[in-house]
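This report refers to the structure that appears directly beneath it.
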Amino acid sequence: MIEKLDSRVKFLSVLLLSVLVFLLDNLFAALFLLIIFLVICQFAKIQFNIKMYKNLTLLAAFIILLQTLFGPGEKFILSPLFPNSIPLIGGMGSLKWEGLILGFAVTCRLCILIIIFSIFSKTTSPYSLAAGLNSLGFNYTTAFVITTTFNLIPLFKEEALTIMDAQKLRGMNSLEKGGFFSRIGAYSGLALALVLGAMRKAQISSVVMDSRAFGVYNKRTWLDKPEMKKTDFFFLFAAVVFCAGVLILNGLLK
């Protein structure tokens, strides 16, 4: 269903939902939106890597801790954090209820954004996205830059896995079994290899684009010109109504 929608509808819906996420300031409204998108992922059969769940859990715990410690609030879970009997740091720090709630809300908003862009990238081909952006008034050079960015994400992932396999074949397994400092060194080596590979591919792409006279003509013809259908108009209308409903719910729950 989602794959068959017009790329312009999906692009505009993603923009609307992204703005909506930043406008949400209520935890229950953010949780409601997160549950909705998790259900959509199940229907669209979009699966995420287990390692991604682990990284998100660590990031969420870090955000919640920061907001609980340093966020605004007047109701305390624990105050002071360190007993007065401890020298130098005694009587300092506090854990706030408002900060804890804000931390959970920020985590939900972050997860929603990740899910939205994952659904969009996995159900939209770069070619249809470029054609849709061009029909919306974007210069086709700009559309090419945007779609190239989406293309680079799976390429970087594939190249990173290739580099990691090459390191394992050479006996370097610090990324999985090494200590903290050895992992930092291994990741810096991986990042350097990725940057050098990206620079090499960018240079090759530049030569290929120049040889094909990319950007010479102001207009470009498309093999499959995007056309809006009744389903697309209905989905866009439903997205607008849904965003308005979530905003009303967010206001009522304050």
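The values are calculated or read from the model by the stated rules, or taken from the named source; none is laboratory data. Treat the numbers as computed from the prediction; the structure is a model and nothing was measured. Here the Cβ is made from the backbone with ideal geometry for all residues, glycine too, and neighbour counts use every protein chain on show.
Restricting the first member to the stretch 186-214 and to residues that are more than 19 Å from L161 (Cβ to Cβ), and the second to residues that are small (G, A, S), the beta-carbon pairs closer than 8 Å and six or more apart or on different chains are M209/G215. For the stretch 94-116, the criterion of a residue being at pLDDT below 80 and either more than 24 Å from the chain's Cα centre (by Cα) or of a type in the set (S, T, N, Q) (or both) is satisfied by at least one position.
Of all residues being surrounded by 11 or more Cβ atoms within 10 Å (Cβ to Cβ) and not in a helix (DSSP H, G or I) in the stretch 132-178, which is modelled with the lowest pLDDT? Just the residue, please. It comes out as G178.
Residues in the stretch 7-45 that are of a type in the set (D, E, K, R) and farther than 24 Å from Y127 by Cα: D25 alone.
Return yes or no: is L223 surrounded by 10 or more Cβ atoms within 10 Å (Cβ to Cβ) and either of a type outside the set (V, I, T) or touching a Pro at 6+ places or on another chain (Cβ under 8 Å) (or both)? Answer is no for this residue.
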